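Heads up, the thing below is written out as structure tokens.
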Amino acid sequence: MRAVVIAEEGAQPTVAELPTPQPAAGEVLVRVQASSINGFDLSVAGGHVAGMMEHRYPLVLGKDFAGTVAAVGDGVTRFSVGDAVFGVVTKQFLGDGGFGEYVTVPEEIGIAALPGGVEVAAAGALGLAGTAALDALDAVTPQPGETVLVSGATGGVGAVAVQYAAASGARVIATARPGEESEFVRNLGAHEVVDHTGDVPAQIRAVSPGGVDVIVHLAGDGAVLAGLLTEKGRIASTIGFGPDQHPAATFVMANPTGTTLDRLAGDVAAGRLRVPVARAYPLAEVPAAFGDFAGGTVGKLGITVAS
């Protein structure tokens, strides 16, 4: 199969031919049709996760996947060959990834049925970003009438977080540059937009003099943003800002349970959630796409693996 791999420690991502994997007991083999780029993928490619997780080379990159079940291992009961599925590759090591024509994933976590009406390209961009957004909001539970700041609103996680925060009945302030980015987050449900290239605290105080009740921290200086919290305010961070840094902070690591993935897919199928994919790249262009991602994106960058 073709896959985007790191051949050895320190190597640059390349497209290579690898043997098609086979599912072990309790695993599902998925023929991948779509995936997407996440910040975690760049961290792995850049060697920033070395020493934190086991790396098995040649390491296939990519956390997200969407496609169809090609085979099942012994003991698998939830899925059958031909089922449409999506999710997040969730293993104790790095090596099996969604940037390949096939991937094996454990049945018990990181995979869910893909309901009809959900485009495979959207599903391939939904798993990790959607889970991170939902887990962050579940950690801070915004209430109707509260004010929520989504810092880093234009990326994949932020785009989902803005939608769910608005659906909760909260007033949403999103960070985005004027112009295209601002229009993007407003179309997702943001009520106010502040320019993250300017004085963010001053802009927040101008539109919300009393501060904010909830912060979804996906970008920016967590300590500076935490200074905007109301007395009972809380902050959920996906980038390392937790209780050691502020008593109202929770550090969130995305946990793609079947329940979470089912909720995400159900909301997309029902039209309650959009998965904005700005552009899709074929496998051969994934190494170049990393540069586009690093330069900043509006929504997700998708990967088309197979038709």
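The values are calculated or read from the model by the stated rules, or taken from the named source; none is laboratory data. Not measured: the values here are computed from a predicted model. Positions of Cβ are generated from backbone atoms using ideal geometry, with glycine treated the same way; all protein chains shown enter the neighbour counts. For accessibility, only protein heavy atoms count, side chains too; no ligands or nucleic acids. Shrake-Rupley method; radii C 1.70, N 1.55, O 1.52, S 1.80 Å.
The trypsin sites (Lys or Arg not before Pro) of the stretch 194-275 that meet both conditions, a loop assignment by DSSP and at most 14 other Cβ atoms within 10 Å of the site Cβ, are 272. Assuming charge only on the beta carbon of Lys and Arg (+1) and of Asp and Glu (-1), the dipole of the chain about its Cα centre is about 460 debye to the nearest 20. Computed over the stretch 24-181, the convex hull of the alpha-carbon atoms projects to a mean area of 11.0 nm². As a length-normalised measure over Cα pairs under 8 Å and 6 or more apart, the relative contact order of the stretch 134-227 settles at 32 percent. So what's the gap between the Cα centers of the stretch 239-298 and the stretch 117-144, to the nearest angstrom? With the stretch 239-298 and the stretch 117-144 each reduced to a Cα centre, they are spaced 7 Å.
Each Cα pair under 8 Å and six or more residues apart adds its sequence gap; the mean of these over the residue count of the chain is a relative contact order of 20 percent. Computed over the stretch 161-307, relative contact order equals 13 percent, with contacts defined as Cα pairs under 8 Å that lie 6+ residues apart.
Sorted from greatest to least, the principal axis extents spanned by the alpha carbons of the stretch 1-106 come out as 38, 24, 23 Å.
So what's the chain giving for Cα Rg divided by 2.2 N^0.38 Å, two decimals? Can you show the working numbers first?
Values: Rg = 19.2 Å, N = 307, 2.2 N^0.38 = 19.4 Å.
The reported ratio for this selection is 0.99.
Once the convex hull of the C-alpha atoms of the stretch 233-299 is built, how many Å³ does it hold per residue, rounded to a whole number?
Details: hull volume 11.3 nm³, N = 67.
Considering the Cα atoms of the stretch 233-299, their hull volume per residue is 168 Å³.
Exposed loop sites here are GluC sites (Glu not before Pro) assigned a DSSP state other than H, G, I, E or B and surrounded by at most 15 other beta carbons within 10 Å; excluding them, the longest clear run of the chain is 120-307. Evaluated at q = 0.13 Å⁻¹, a Debye calculation over the C-alpha positions of the stretch 188-307 (equal weights, vacuum) places log10 I(q)/I(0) at -0.76. Entry comment: accessible area of the stretch 33-132 is 36 Å² per residue, from protein heavy atoms only and a probe of 1.4 Å.
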